[in-house]
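Report on one structure; see the data block that follows.
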C-alpha cells in the first residue's frame, strides 16, 4: 500500500493537469504518459492503451509502450463482452482468462490482468485500457482509474459545451444592435445583461419609410441556451417580416405560429414593438410584455398589453395602441428582470420605483438614462449577480 498522503497529493496534481492542460491532438497521449510516469510503478499499472470508437469497433490510437503494440488487439468490436462490461460499469477490472485474451493479439501474450475505463464526450467515445502487474490492489486501482475517468469526462464535456456556448454567445451578440441608430429628432440607446452566458432578452431597431423607425424588446421564457435559441428565431423572423413591409400584427401572428412549433424548452415570448414617426406619433403592439413607460410633461403613462404573449395559443388576437411623444418626452422599454429584481428582504424593485427613477433622470441623454437604470437596479439587489436577464431601451424625443 502506497503512502496515502503522497498518493492523494500526486493524484490531485494529475487531475489538475487533466483540467488545465491545453487540449489538442496530443492531449490524450500526454495524459497517458503522465499517468504512467507518476503512478505506473507505484500502482502496478502498465502498458496503457487508448482506443477510439470508429463505427462498430474501438481502434487502437495510442500506447504508452509502442514497442509492445504487437502484443495487443488493434481493435475491439463494440459487441465484445469486454467492451460491454466497460460501457455498463464505466470502469472494470478483467480477471477472467477469456476477457484478458480479448485484449491481446495471441493467447500466449495474455498473461496480465486488464482494467479499462469508458471515456466519452457528447459525440465521441474511447476506451482506456491498462495492464496490471502482480501486486496490484483493487481499492487503489479502482480509486485511481475512476478518478481519472471522471476528470477526463468532465474535461471533454466542458470543452465541448464551452465551445458551443461560446458560439451561442457570439451568435447572440450578433443579433443585438452593435451601435445605437441615429434618427433625426431622437436619441436612442439600448443595453442587455443576460443572467447566464446567453439569455432570453432581446431588442432591435428597424428602418421604416418616411423617416420613421421601429423598436422592439422581448423576453423569451426562461434564460440560458434554450431561451437564446428561441430568441434567434424570433429576431430573424421579426427582421424578415419588417423588411418585407408586412403589417406589424401580421408579422406577430406568423411569429406566434413559429413559436408554437418550437421544440425548445422555452415556448413563449413577451414582445413590445413600436413604430415611431418623425413627428412623435407612436403606434405599437404589446404582446403580453411589461408595459413600457412614456414620461412627458403631463406625467407617466404605461403602454399596457394589446394582446396575449406569443406562443400560448395557435391563433391570437392583437390590436394596435397609440400614443404621442411630445418634445422632451422619454419612452423606456424594459424586461421583467428590471422590475422583478429583489433586495435582501425580497422586496421587488417594482414599477413605481422605475417610474420615479425615469422621472428623476429624464433630463439626461438616452444612454445616460439606461446606465442610471442599470446602476440603480443592480445596487438595489445588493450588487448580487443578475438572477434574470435584464434589458432596457430608452428613446428620447429632442
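In Å, the Kirkwood hydrodynamic radius of the stretch 4-166 over pairs of distinct alpha carbons?
Values: mean 1/r = 0.0622 Å⁻¹.
Taking every pair of different Cα atoms in the stretch 4-166, averaging 1/r and inverting gives 16.1 Å.
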Exercise for the section: May I ask you to give the average projected area over all directions of the convex hull of the Cα atoms of the stretch 213-274, in nm² rounded to one decimal? Expected result: 3.8
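Could you line up 128, 136 from fewest to most neighbouring Cβ atoms inside 10 Å? Spell out each step's value before the answer.
Values: 128 24, 136 18.
Exposure proxy ranking, most exposed first: 136, 128.
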Handout entry: Label-point gap, in nm, between residue 21 and residue 171 - each point 7 angstrom along Cα→Cβ
Key = 3.2
Handout entry: Mean separation of Cα contacts under 8 Å, 6 or more apart, over the residue count of the chain: relative contact order %
Key = 12
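To make sure I understand, if each residue's beta carbon is the centre and we count other beta carbons within 10 Å, what order do 334, 154, 92 fall in, fewest to most? The partial results should precede the final answer.
Details: 334 28, 154 13, 92 21.
In order of increasing Cβ crowding within 10 Å: 154, 92, 334.
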Problem - Spacing of the two label points (7 Å from each Cα toward its C-beta) at residue 398 and residue 75, in nm - result: 7.2
Problem - Contact order normalised by residue count of the stretch 4-166, Cα under 8 Å, 6+ apart, percent - result: 23
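May I ask you to derive the FRET efficiency for residue 383 and residue 210 from their Cβ-Cβ distance with R0 = 45 Å, giving the value to the nearest 0.05?
Values: r = 45 Å, r/R0 = 1.00.
Computed FRET efficiency for residue 383 and residue 210 comes out at 0.50.
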Exercise for the section: Find the centroid of the Cα atoms in the stretch 81-106 and in the stretch 195-228, then give the distance between the two in whole Å. Expected result: 54
Exercise for the section: Can you tell me the 0 to 90 degree angle between the C-alpha axis of helix 350-361 and the longest principal axis of the chain, rounded to 10? Expected result: 60
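Once you have the Kirkwood Rh of the stretch 176-397 from its Cα pairs, apply Stokes-Einstein at 37 °C and 0.692 mPa s and quote D in µm²/s. It would help to have the intermediate numbers written out before the result.
On the way: Rh = 17.4 Å.
Translational D for this selection: 188 µm²/s.
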Handout entry: Principal-axis tilt of helix 138-175 within the chain, Cα atoms, nearest 10 degrees
Key = 30
Completion exercise
In deg cm²/dmol, rounded to the nearest 500, the helical mean residue ellipticity at 222 nm of the chain, built from -39500 (n - 2.57) for every DSSP H run of length 4 or more, is -11500 deg cm²/dmol
Fill in the blank from the handout: Once both label points are put 7 Å beyond Cα along the C-beta direction, the residue 363-residue 3 separation in nm becomes 7.3
Completion exercise
Which of [x] 64, 44, 42; [y] 94, 43, 32; [z] 67, 61, 36 is the computed Cα extents along the principal axes in Å? It is [y]
Fill in the blank from the handout: Computed over the chain: longest principal axis from alpha-carbon atoms vs helix 248-260 long axis, angle to nearest 10 degrees, is 20
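Each reported figure results from applying straightforward, stated rules to the coordinates on display, with no laboratory input. In this text the structure is predicted, and so the values were computed from the model without any measurement. Methodologically, a virtual Cβ is constructed for each residue, glycine included, from the backbone with ideal geometry; neighbour enumeration extends over all protein chains shown.
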